[in-house]
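Structure record follows, encoded as structure tokens.
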Amino acid sequence: MSTFERLADQGLVRPPRWLPRNVMYETIMGSVAFGVSGDSSDMDIYGFAIPPKDDLFPHLRGEIAGFGTPHRRFEQ
């Protein structure tokens, strides 16, 4: 289970429903990763997720760019 997924399960973050289960890569960066962190250091977590197919290819759900009201998209 990823750190992000744990945060979502605990209700500490509120991402889109699909996001916690679609994290493909997650890693710890910064001072913690290099072993030079102190008691007051934060932990930097980097990663990426792959959104649902309909978000990547909106035409699959019938959306045509420039016509009608566009669906809400996920943004960082």
Flag if ARG6 is at pLDDT 90 or above, surrounded by 10 or more Cβ atoms within 10 Å (Cβ to Cβ), out of contact with any strand residue (DSSP E or B) (no Cβ under 6 Å at 6 or more places or on another chain) and not in a loop (DSSP other than H, G, I, E, B): yes
Here is a list of conditions, (1) part of a loop (DSSP other than H, G, I, E, B); (2) charged (D, E, K, R); (3) surrounded by 14 or more Cβ atoms within 10 Å (Cβ to Cβ), and ARG17 meets all of them except one; can you say which number that is? (3)
So, first residue surrounded by 12 or more Cβ atoms within 10 Å (Cβ to Cβ) in segment 34-51, second residue β-branched (Val, Ile, Thr) and not in a strand (DSSP E or B), Cβ within less than 6 Å, six or more apart or across chains; the pairs are MET43/VAL32; ILE45/THR3
Name the pairs: first residue in segment 6-32 and closer than 20 Å to PRO51 by Cβ, second residue among the polar types (S, T, N, Q) and part of a loop (DSSP other than H, G, I, E, B), Cβ to Cβ under 6 Å, at least 6 apart or on different chains? VAL23/SER2; GLU26/SER2
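The values are calculated or read from the model by the stated rules, or taken from the named source; none is laboratory data. Bear in mind that the values here come from a model prediction, so they are computed numbers and not experimental data. Using ideal geometry, Cβ is built from the backbone for each residue, glycine included, and neighbour counts are taken over all protein chains shown.
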